[in-house]
Amino acid sequence: MAKSRDKQPPVCGFCGESAKERKDLFFIPSMYEGLSICSDCLCKGHEIVSEVRAQNGGKKETSSPLNGLHVPTPEEIKEELDRFVIGQEQAKKVLSVAVHNHYSRLKAKFSGKDDTLPPELSAVELDKSNVLLLGPTGSGKTLLAQTLAKMLDVPFAITDATTLTEAGYVGEDVENILLRLYQASGNDIERTQIGIIYIDELDKISRKGENASITRDVSGEGVQQALLKILEGTVANVPPQGGRKHPNQEFLHIDTSNILFICGGAFVGLDKVVKRRRGRRVLGFGDNAPEKNAAAEVAEEENIGRLFSECEPEDLVHFGLIPELIGRLPVFAALEPLDKKALIRVLQEPKNALVKQYRRLLAMEDVDLQFSPDALEELAGKAVQRGTGARGLRALMEKLMLDIMFAAPSRKGKSRCIITAEVVRGDAEPKLERI
């Protein structure tokens, strides 16, 4: 068989012409034994490869981490946020637009020029806009970030600024906030570089005073300075296991120029800084000036959210943030403190509302839990008095439901419990009634 195969004339493996018809057959015995190609087919293949390279700009085709990513519209993002967060319409709009523009920017960056745009606009590079959320405690800053993390098909990490210190001191280095995003991406660096990081408690790293201190502020201004390049965009060296950096350690090189940073904080006392800047002090005998100023101060005390919405960069500088950090957070969103009506809605309307959680918890013990409308009003009123916002509702509910949750598992058969305003005030004991 081998002798008969050797006697057959070689042919081109593409066009089928034999060596008798053509004399310019090329053989590649080291790769494909017995395969040959003629000069015409070789030239045509070279032309095809050249055309493909020209269409791709001479670059090698690579898979983009954005392939298959659905970028929701701002309205779709806000609708999802509405299911979990009550109120805060302006903050929801700001976050929805910021997230949508971030991934529209990345798609434009990875795909190159857009033929549908005018030539003078298709080559324009878009900068990212990091977001700063200002709002009192319990207003929903962290909940907004957690809801975004659930709905987006991108890596999302929530970190805390209170544990950060300058490099070399006890505490976490600034680069460790990128490690959580890397772990959330499944240890995929390409997906890490298109993720979102929410830095909570940013106000806790404010410097202790406006004047430069002779002592080392390792968890305040030093951390702010270390955050500058990461927020703006740099290739950071991240220890793969976290912890301290060592000279002989292999680092993960993560480019932060395409990572969206959302920062939040309660900024306790910022409203006083805004009032001091906006306050008009009258010297001498002004016409009813004391009465006007007193009325204005009372109105401003009742609406801290409005004061936060009027915050200027200079107010944040007086609070303790350095100007360079403020410049890297160009988008501000102020959250309003939740009033009594909003807290009543928080108790019963969101998908994971507290009333729904406790009803499910007791339903597993065959207890039908009901809240009267006046009981919800009483709970919301107590939360307003405490000044802890929606976060204080959990503590109130735990204290209120303690006896019921203690007794319910021991009872057999179906029962019903109705919580009234008297029970919330402590004038009556909650009772389990058999159905």
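The values are calculated or read from the model by the stated rules, or taken from the named source; none is laboratory data. Everything numeric in this text was worked out from a predicted model, so none of it was measured. Positions of Cβ are generated from backbone atoms using ideal geometry, with glycine treated the same way; all protein chains shown enter the neighbour counts. Only protein heavy atoms, including side chains, enter the accessible area calculation; ligands, DNA and RNA are left aside. Shrake-Rupley method; radii C 1.70, N 1.55, O 1.52, S 1.80 Å.
Before moving on, here are some points about what is shown:
- Condition met for Glu190 (more than 29 Å from Lys204 (Cα to Cα), in contact with a Pro (Cβ under 7 Å, 6 or more places away or on another chain) and open to solvent by 60 Å² or more (accessible area, probe 1.4 Å)): yes
- Filtering region 11-62 to residues that are on the phi > 0 side of the Ramachandran plot and at pLDDT below 60 leaves Gly57, Gly58.
- Any hit, region 129-150, residues being over 21 Å from Gly195 (Cα atoms), among the polar types (S, T, N, Q) and not in a loop (DSSP other than H, G, I, E, B): no
Condition check ((1) touching a strand residue (DSSP E or B) at 6+ places or on another chain (Cβ under 9 Å); (2) open to solvent by 30 Å² or more (accessible area, probe 1.4 Å); (3) of a type in the set (Ser, Thr, Tyr); (4) in a helix (DSSP H, G or I)) across all residues:
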| position | (1), (2), (3), (4) |
| --- | --- |
| Leu343 | no, no, no, yes |
| Lys351 | no, yes, no, no |
| Leu362 | yes, no, no, yes |
| Ala375 | yes, no, no, yes |
| Glu378 | no, yes, no, yes |
| Gln385 | no, yes, no, yes |
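- Boolean, Ala363 is closer than 30 Å to Cys263 by Cα and among the small types (Gly, Ala, Ser): no
- Unmet requirement for Ile418, which otherwise passes all of (1) at pLDDT 90 or above; (2) more than 16 Å from Val355 (Cβ to Cβ); (3) surrounded by fewer than 17 Cβ atoms within 10 Å (Cβ to Cβ): (2)
- Residue count, region 75-102 (criterion: under 16 Å from Leu260 (Cβ atoms), touching a residue at least 40 places away in the same chain (Cβ under 8 Å) and open to solvent by 10 Å² or more (accessible area, probe 1.4 Å)): 2
- Unique match (being in a loop (DSSP other than H, G, I, E, B), under 21 Å from Arg191 (Cα atoms) and open to solvent by 70 Å² or more (accessible area, probe 1.4 Å)) among Leu117, Leu126: Leu126
- Considering Lys275, Lys245, the condition of being modelled with pLDDT under 90, touching a helix residue (DSSP H, G or I) at 6+ places or on another chain (Cβ under 9 Å) and either assigned to a strand (DSSP E or B) or not aromatic (Phe, Trp, Tyr) (or both) is satisfied by Lys275 alone.
- Residues of region 103-112 that turn out to be buried (at least 19 other Cβ atoms within 10 Å of the Cβ) and either at pLDDT 90 or above or on the phi > 0 side of the Ramachandran plot (or both), as a count: 0
- Matching residues, region 330-344, being among the acidic types (Asp, Glu) and within 23 Å of Val317 (Cα to Cα): Glu336
- When we screen Leu338, Leu316, Leu329 for residues that are buried (at least 17 other Cβ atoms within 10 Å of the Cβ) and modelled with pLDDT under 90, the only hit is Leu338.
- Test: Ser219 is on the phi < 0 side of the Ramachandran plot, assigned to a loop (DSSP other than H, G, I, E, B) and modelled with pLDDT of 90 or more: no
- Qualifying residue in region 199-213 (condition: over 14 Å from Cys263 (Cα atoms), aliphatic (A, V, I, L, M), in a loop (DSSP other than H, G, I, E, B) and modelled with pLDDT under 90): yes
- Pairing residues of region 397-425 that are under 12 Å from Leu362 (Cα atoms) with residues that are in a helix (DSSP H, G or I) and of a type in the set (Val, Ile, Thr), at Cβ distances under 7 Å and at least 6 apart in sequence or on separate chains, gives Cys417/Ile404.
- Any chance Thr147 is open to solvent by less than 60 Å² (accessible area, probe 1.4 Å), within 28 Å of Asn352 (Cβ to Cβ) and at pLDDT below 90: yes
- Per-region count, region 385-435, residues under 32 Å from the mean Cα position of the chain (by Cα) and at positive phi: 2
- One residue alone among Val268, Val170, Val235 is among the hydrophobic types (A, V, I, L, M, F, W, C), open to solvent by 50 Å² or more (accessible area, probe 1.4 Å) and modelled with pLDDT of 90 or more, and that residue is Val235.
- Members of region 387-435 that are part of a strand (DSSP E or B) and among the aliphatic types (A, V, I, L, M): Ile418, Ile419
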